[in-house]
Structures are given as structure tokens and as C-alpha cells.
Amino acid sequence: CPRRCASARQATPLVMPSLSSAHRPPPSSDDSGGFLLGEEDPASNVRPLKRKPLLDDGSSPPSSSAAGSSAGDLLSSETWAEDLQKFNSQSSILSRANFGAEPLVQVLQLDEDSVLKTPFRRAAFQVVHTAARWLPALVLYGGTAGLLTCAICKYRWGMLLALTLFTMYTFVQSAALLVFSLVGIVKVWSNSRVRWYTEYCNWLAKEERSGEARPLSAEWKDTSRDLDWHDVLHIVMLPSYKTPVAVLEESLRALERFDLATTRMGVVLAFEQREAGVYQKAKDLQAKFALRFRFVILSFHPPDLPNHVPGKSSNECWAFQHLCSELEQTYRIHRHDPRVVITVMDDDSEFHENYFEALTYHFLTAPASRRYVTTWQPPVCHFKNYLRQPVVVRVSSLYATLSELAALANPLDCHVNYSSYSLSLALASAVGGWDPDHLAEDWHMYAKCALKTSGRARCQPIFLPLLNYTPEEETYWGTCHSRWEQAKRHALGVSEVVYAISGIFLGMLEVRGALRRFIYFWRLSPMLGKFAQVHFMNGMSVVLNVLAQVVIHLYMWRYWCYASSMQESETCGLLMQSSTQEGIAQEQILLNSWMVLWQQRLTAGVGIALGLAGGCGTLYFDLVRDRVEGDITEHPLIMHPFLHWIYLQLMCCLWAPLSSVVYGAVPVWIAATRITWEAKFTHVVAGMVGRSLKFEE
């Protein structure tokens with residue numbers, strides 16, 4: 001390793017228990033809180049790192065707090081003072097008293113009161129906002145109604161052309177799903193075998209050989225040093241409501257597998273006050289896991305707060321503000337501290353054992369201009385309870401998983417946050433944290449970051465899959481209904497199209513100059529296109545492809561002929577003769593026939609691509625099969641890869657159309673209708689055995 005990695009060897013290492021076990025024993029009270037990693041493991045090729053405390057003065061952290069406790073609470077005041085004095089003498093940046101007090105990211109305010117100062121601007125904003133709310137319904141219902149109008153007015157050629165072009169678009173998307181699913185699977189396989197700390201040392205050696213200085217950011221005053229591996233602190237926010245304790249413990253045990261969890265990872269357990277028995281539940285979890293992480297902070301979201309829509313976003317909003325207060329008061333960490341990375345995770349999720357090492361690597365190796373305007377996203381894999389899912393739900397989970405993986409692997413895609421993701425504390429603080437009045441928390445946070453940073457925010461994939469549960473109840477039909485409720489909630493994310501359009505309008509008013517306004521819109525147009533594609537594509541694909549077959553075989557069956565029959569006078573000739581008598585030119589018959597030919601071939605291509613893409617689920621499942629719940633030996637069709645592939649092909653052919661309608665198209669059409677008159681929605685929690693579906697009123 002280069003100097004900054006190897007300098008840790010000068011200190012006498014403190015022998016700690018092995019960190020390879022998922023159930024790592026807590027450190028003892030006389031080990032200085034684990035500031036030093038154990039002796040070098042000959043089999044790991046990873047050299048020991050010297051720990052750096054997070055406090056910037058000689059004060060001792062409190063022994064307890066109302067929010068939570070930490071492993072560092074066992075340290076004496078003298079131990080803290082000695083470690084801090086030694087550390088501050090070696091670091092010029094971290095010894096500053098106001099470290100992290102100044103924002104690292106300059107953002108727009110997007111405040112309606114300050115931007116909409118004139119009556120004309122306020123009226124224009126209302127027009128844009130109202131039009132945006134009606135846009136999804138106009139696209140879905142208006143587009144379909146327009147095609148039907150063309151049919152009634154006998155403008156058959158135009159209708160057939162529109163349907164053929166849409167089928168061509170569907171074919172491109174299906175082919176992209178197939179190709180980039182395979183690319184994503186290869187990336188998951190390769191990233192799972194990377195030793196991220198070794199990669200970091202190699203990268204750092206290359207940087208030092210090149211002699212390039214890497215300051216924290218352009219605004220940073222002291223650029224004499226950059227962050228190092230042992231400087232980064234991970235904080236995981238885990239919002240929860242009525243989740244069984246066993247599921248929460250499993251999620252926390254997955255976090256324990258991070259090698260530096262005891263000293264470089266803190267956890268925020270964000271509960272809802274409305275949950276019965278939540279205080280005892282939180283206290284038990286804190287007592288069990290407090291010594292396994294740097295700290296465990298508890299947050300309780302009060303009910304009936306103004307503008308707080310019950311759900312994940314409002315819970316995170318409250319938890320984030322509580323976290324920032326606790327960090328400043330207890331650990332002297334300011335809300336713009338460049339060392340801290342926030343990770344939001346669903347309470348039923350399981351991160352890959354190397355995710356936080358990979359996150360540290362990507363965070364440290366990012367260019368100075370990108371590190372604090374980047375979010376990181378693992379591919380979400382809905383396979384945790386794959387063996388127990390009903391077949392129609394399993395097909396839906398399969399394609400949702402592959403779609404997410406393919407999108408992250410596609411370099412032309414505008415990646416967005418989904419479910420569980422990471423971002424710097426500096427970015428989260430700069431944009432004001434999470435908003436309490438939105439339902440699609442993940443998309444909304446990314447849109448907020450992108451809008452306020454003038455489109456500089458980007459989502460970077462980390463190809464280490466995160467496993468979570470598909471909604472599940474105790475009965476077959478209960479699980480199907482729970483998945484239906486989740487699909488309707490996800491479809492309400494179409495409201496983020498309204499937020500994006502309104503935010504772009506405010507941003508263009510806030511920036512000055514025509515060129516800067518054009519650049520602002522240009523940077524944000526991919527995000528807007530991504531939001532529209534996900535919802536409008538899901539809503540229109542099934543309807544228009546079915547409509548195309550109805551038009552071809554029922555409504556226009558007398559106005560086209562098969563390409564192979566064009567030279568046969570008995571078949572196509574009679575058709576042209578009868579059509580000529582009705583006033584339709586023979587050239588139009590030929591044109592219709594060619595469009596029907598391409599329409600049918602493209603439709604067949606869509607089916608083949610989607611079927612093969614579903615079969616790719618066999619490869620993906622094989623990469624994560626050890627993390628799937630249940631005994632796979634009891635499912636011979638799934639246990640053997642070849643039989644599993646055949647099973648998936650048949651399952652997709654039989655159930656994919658129904659699944660796409662029930663869990664894809666119909667919820668989007670319902671959501672597009674609801675947002676025309678309703679802006680606030682009640683959050684419906686995903687079904688889980690042992691948890692009710694809806695929030696208490």
C-alpha cells in the first residue's frame with residue numbers, strides 16, 4: 001500500500017476478534033473502542049488501518065442519551081483525550097473546530113415564495129403545475145382515445161402507423177432488457193469477487209505516482225489532504241413500521257458483516273410513535289446491537305404532524321433532523337461533514353456483505369467535483385422469499401428485478417434511486433433532507449437533489465445486489481392482494497412527474513440568463529424522460545399492443561394482405577379489387593400490408609426478447625441463491641439451473657401477460673386518474689407475515 005495506507009503499520013496494533021464472522025462479538029471495555037484494527041491477516045492481503053476518532057475536541061461523549069447509545073460510551077475521558085490529541089497532531093484538516101460546518105454543495109432554493117414574486121409568475125406556475133397533474137391522464141387516456149377516434153374516422157393508415165411505431169419502441173426496450181440484464185449479471189458476478197480495500201490501495205498508489213493533488217472540493221479552504229479509507233463514517237437509516245423483530249434483527253445482522261461496523265458504522269432505527277409497543281421494541285433492539293455498531297440512535301416519528309404524510313418519507317424526514325441534532329450535540333459532527341455517508345434501507349432488506357466496502361471505494365475514488373453530488377444504488381433483487389411466492393407474483397418480481405438490473409447496467413439510462421440507496425451527508429443536508437409530504441421517497445429524493453444541484457446530481461450503480469422481500473401474507477390470495485396494493489402505491493410515483501416539471505419551471509425562473517436556463521433544462525430532461533418512460537411505458541404497452549392486434553385482425557382485416565400473398569391474384573388481387581370499389585387505392589393496401597408485416601414481426605420479437613430475458617433470471621438467481629430463504633432442495637425445478645430455466649420460460653409465457661396487466665398497466669391508469677384531483681396519498685405498507693397492511697388512522 002502507499003504511504004497513507006502503510007502509515008498505520010507504525011502504530012502498535014490492537015488485537016481484536018476476527019471480523020470475518022457475521023456475528024462479531026462486541027469489543028471489550030478496555031480496547032479503546034476499536035480504534036485500531038487487528039494484526040494483519042496473511043490470507044487477506046489487507047494491511048491494518050489505524051482508527052481515527054470522530055470528535056474534534058477532547059471532550060468525552062456522554063454515557064447515554066435519549067436517542068441511543070454507542071460502543072464508544074464505554075470509553076473513559078482520558079482515553080478519548082489521548083486518542084484525540086494523537087490524532088489531531090497527525091491531521092491538519094480534521095483538527096479544525098468548524099470541520100463540516102460550511103456547506104460543500106451549492107444548491108438552488110426552489111422556494112415558491114422567493115421565486116414567484118410577481119402575479120404573472122404565480123399564475124404561470126399554477127398553469128404549469130395543473131397541466132403537469134393532468135399530463136399522465138392525457139397521455140394514457142388521450143392517446144388511446146385519439147387512436148380510437150382515428151379508427152372511427154376511417155384514418156386507418158395513421159392509426160396503424162402509430163401502433164407500429166410504438167411496437168418498434170417496445171421492441172427496442174425489450175431487447176435492451178435482454179442485453180443489459182446479461183451485462184448486469186456479469187457485472188454482479190465480477191463485482192462480488194473484488195477486494196475493495198486492495199483496489200483502493202492500488203488506486204491510491206497510482207494517484208500518488210502520478211503526483212496529482214485531489215482536494216475535497218473547489219470550495220474547501222484547506223486542501224492539504226484528502227479523505228482516507230479510515231476517515232469515512234457510514235450511517236444507515238432504517239425506517240420501520242410494524243415490522244417483526246426477527247426481520248429487523250436479520251437486516252441489522254446483515255449490516256454487521258461490514259468489517260468496520262463497530263467503529264465506522266452508525267445505525268438510526270426510525271420508528272413510528274403510532275405503533276403499539278414500539279418503545280420496548282426499540283429498547284430491546286438497541287440493547288442487543290448497541291455494541292456491534294459505532295452507535296445506535298433511536299428516532300420516533302410523532303403522528304399528526306402538519307404536512308407529514310404517514311409513510312417512509314416523513315419518517316426519514318424526522319429521523320434525519322434528529323440524527324443531525326444528535327451528531328452535533330453528542331459526536332461534534334456537523335451536518336456538512338465530508339466524511340459521512342448516509343444509506344437509506346428498507347427494513348426488510350439485506351445488503352451484500354461487501355456493499356459498504358465498495359461504497360467506501362466509490363466514495364473515495366470519485367472526482368472531487370462529483371463526490372458530493374452523487375448517489376449510489378445497488379440493484380434491488382426481490383428474491384428473498386422467492387420460493388414462497390405465488391406464480392403470478394413470482395413473474396412480477398422476476399421482471400421487476402431484471403428491469404432494475406438492466407437499467408443500472410445500461411450506460412444510456414438515467415439511473416434513479418430505488419428502495420435503498422446511499423448519498424453523502426453533505427448532499428442530504430444541502431438539499432434540506434427528505435420531504436415529509438411525498439409518497440415515492442426514493443425517486444423524490446433523487447429528483448430533489450437533481451433539481452437543486454442544477455442537474456449535477458447523478459446516480460452511480462454499485463453492482464452488489466440487495467435482497468428484499470416481495471409482499472407476503474399467510475394465504476395465497478392474501479399475498480396476491482398485498483402485491484396489488486404495493487403495485488398501486490408504486491404507480492403513484494407518477495406524481496413525481498408533476499414534481500419534476502414544477503421544479504424545473506421554478507429552477508428556470510431562479511437561474512439567470514437564457515443560456516443557463518437552457519442548460520438547466522437540458523441537464524434535467526433525461527430525468528424527466530426516465531420518469532415518464534417508466535410509468536407511461538408500463539401503462540401503454542399492454543393496451544396498445546393488444547389494440548394493435550384487434551385493429552389488424554378485426555377492424556382492418558379487409559384492407560391488408562400477407563406479404564407472401566401479394567403476388568397471388570386469387571387472394572390479394574381480389575382484396576385490392578374490392579377495396580378499390582370502396583375508394584381505397586391499391587397503393588394504400590400495399591402500404592398497410594407492409595406495416596402489418598413489420599407490426600407482427602416486431603410483436604414476435606418483443607415476445608421472444610421478454611421470454612429470453614425472463615430466462616436470464618436463472619443466472620441471476622444462481623448468484624444469490626445462498627441468500628434466499630427456504631430449503632431449495634425441496635424445489636427440484638428451481639434447484640437445478642437447467643430445469644429452472646425451462647420452468648421460467650414456461651412461467652413467463654403463461655403468466656407474464658396477466659402479471660403485466662394486473663401489476664403493471666392497471667395500477668398506472670388508476671394512479672394517473674387519482675393525481676388529477678388528489679395530491680396527498682396515504683402510504684400503504686407492503687404486506688408481510690406478522691404485519692398489517694395499512695397505517696393506523
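The values are calculated or read from the model by the stated rules, or taken from the named source; none is laboratory data. Given the structure is predicted, the values throughout are model-derived calculations rather than measurements. Backbone-built Cβ (ideal geometry, glycine too); neighbour counts: all protein chains shown. Note: accessible area is taken over every heavy atom of the protein model, side chains too, but ligands, DNA and RNA are not part of it. Shrake-Rupley method; radii C 1.70, N 1.55, O 1.52, S 1.80 Å.
Ranked by the mean number of other Cβ atoms within 10 Å per residue, highest first, peptides 122-129, 325-332 order as 325-332, 122-129. Peptides 270-279, 414-423, ordered by how many other C-beta atoms sit within 10 Å of their residues on average, highest first, read 414-423, 270-279.
Which FRET efficiency value, to the nearest 0.05, do you get for GLN321 and TRP594 by plugging their Cβ-Cβ distance into 1/(1 + (r/R0)^6) with R0 = 51 Å? Intermediate values should be presented prior to the final figure.
Values: r = 62 Å, r/R0 = 1.21.
Computed FRET efficiency for GLN321 and TRP594: 0.25.
For ARG627 and LYS680, what does the FRET efficiency come to when R0 = 56 Å and r is the distance between their Cβ atoms, rounded to the nearest 0.05?
Values: r = 37 Å, r/R0 = 0.66.
With R0 = 56 Å, the Cβ-Cβ based efficiency is 0.95.
Taking the charge dipole of segment 427-561 about its Cα centre, with +1 at Lys and Arg Cβ atoms and -1 at Asp and Glu Cβ atoms, the residue from ILE462, ILE504, SER541 reaching farthest to the positive side is ILE504. Stretching THR118 away from MET508 to a fully extended chain increases their span by 138.9 nm, per 0.36 nm per residue minus the current alpha-carbon distance. Diffusion coefficient of segment 366-477 by Stokes-Einstein, Kirkwood radius over Cα pairs, 4 °C, 1.567 mPa s: 84 µm²/s. What FRET efficiency comes out for GLU102 versus ALA205 if R0 is 30 angstrom and r is the Cβ-Cβ distance? Round to the nearest 0.05. So, using R0 = 30 Å, E works out to roughly 0.45. Per residue, segment 275-403 exposes 28 Å² of accessible surface when a 1.4 Å probe is rolled over the protein heavy atoms with every protein chain present. Peptides 309-320, 386-397 ranked from most to least packed by the mean count of surrounding Cβ atoms within 10 Å: 309-320, 386-397.
Evaluate the relative contact order of segment 259-369 (contact order divided by residue number), counting alpha-carbon pairs under 8 angstrom at least 6 apart; express in whole percent.
Numbers: 84 pairs, mean separation 25.2, N = 111.
About 23 percent, as a whole number.
Evaluated at q = 0.21, 0.22, 0.23, 0.30 Å⁻¹, a Debye calculation over the C-alpha positions of segment 341-396 (equal weights, vacuum) places log10 I(q)/I(0) at -0.87, -0.92, -0.96, -1.30.
Taking Cα centre as origin and charging only the Cβ of basic (Lys, Arg, +1) and acidic (Asp, Glu, -1) residues, the dipole magnitude of segment 234-296 rounds to 120 debye.
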